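Enquirer: Here you go, one structure.
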Amino acid sequence: MKDKDAGKEICSFLEKKLVFFKQYLSTTKRIKETFKEKEPSSPEAFISERQACITKIQKIDASLEKIMGNSSDKLHDISEKCKGMIDGYLRSLKNIMETVDLIDQELIVVVRAEGENIKGELLKLQDVRQAAKGYRDRMKSTPRFLDTIR
């Protein structure tokens with residue numbers, strides 16, 4: 001009876017993990033859309049949402065490791081139905097992770113380009129400040145406006 005419980009527990013945890021990975025994928029897609037549309041909203045909220053998903057997934061992984069460790073000698077006795085379900089969950093998780101990886105690669109390119117744009121803008125601002133500072137250093141006294149009409 002305990003063997004069947006372990007199989008069902010594993011399936012239950014994998015199902016929860018799949019839900020969180022789907023949420024992670026959805027959040028990653030929203031981050032991508034935010035960068036593509038150059039929306040004024042900050043992606044920080046989405047990033048923290050993704051981190052929350054990762055934390056939940058890590059807790060599930062810890063629980064799965066505990067189950068696997070406690071009943072490792074009895075895992076080969078899991079029913080074929082449970083093995084099929086576990087295999088299906090693992091395939092779904094793999095597909096989601098591959099999709100997330102592709103989106104993350106696209107995001108890296110976009111974020112790097114955005115970073116280069118910001119860097120260029122900062123350099124332009126620095127040049128303007130240096131030019132203004134250069135004029136100020138040449139003049140020891142405050143500038144005077146001369147009335148040439150008189």
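Residues are listed down the side, and each one gets a yes or a no for (1) at pLDDT below 90; (2) exposed (fewer than 12 other Cβ atoms within 10 Å of the Cβ); (3) of a type outside the set (Phe, Trp, Tyr):
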{"residue": "Asp3", "(1), (2), (3)": "yes, no, yes"}
{"residue": "Tyr24", "(1), (2), (3)": "no, no, no"}
{"residue": "Ile31", "(1), (2), (3)": "yes, no, yes"}
{"residue": "Thr34", "(1), (2), (3)": "yes, no, yes"}
{"residue": "Lys56", "(1), (2), (3)": "no, no, yes"}
{"residue": "Cys82", "(1), (2), (3)": "yes, no, yes"}
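Enquirer: Looking at (1) closer than 26 Å to Arg91 by Cα; (2) without any contact (Cβ under 8 Å) to a residue 40 or more places away in the chain; (3) among the polar types (S, T, N, Q), which is the only condition Thr28 fails?
Expert: Result: Thr28 fails condition (2) only.
Enquirer: Does Ala62 meet the test of being under 18 Å from Tyr24 (Cβ atoms), without any contact (Cβ under 8 Å) to a residue 24 or more places away in the chain and over 18 Å from the mean Cα position of the chain (by Cα)?
Expert: Yes, satisfied.
Enquirer: Shifting gears a bit: Among the listed residues Ser48, Ser26, Ser92, identify the single one that is in a helix (DSSP H, G or I), over 16 Å from Ala6 (Cβ atoms) and in contact with a Leu (Cβ under 7 Å, 6 or more places away or on another chain).
Expert: Ser92
Enquirer: Looking at (1) at pLDDT below 90; (2) exposed (fewer than 13 other Cβ atoms within 10 Å of the Cβ), find the lone condition where Pro43 falls short.
Expert: Of the numbered conditions (1) at pLDDT below 90; (2) exposed (fewer than 13 other Cβ atoms within 10 Å of the Cβ), the odd one out for Pro43 is (2).
Enquirer: Here's something else I'd like to know. Can you tell me which residue within region 86-106, out of those that are touching a residue at least 12 places away in the same chain (Cβ under 8 Å) and over 15 Å from Ile31 (Cβ atoms), is nearest to the chain's Cα centre (by Cα)?
Expert: Met97
The values are calculated or read from the model by the stated rules, or taken from the named source; none is laboratory data. Bear in mind that the values here come from a model prediction, so they are computed numbers and not experimental data. Cβ atoms come from the backbone with ideal geometry, glycine included; neighbour counts cover every protein chain shown.
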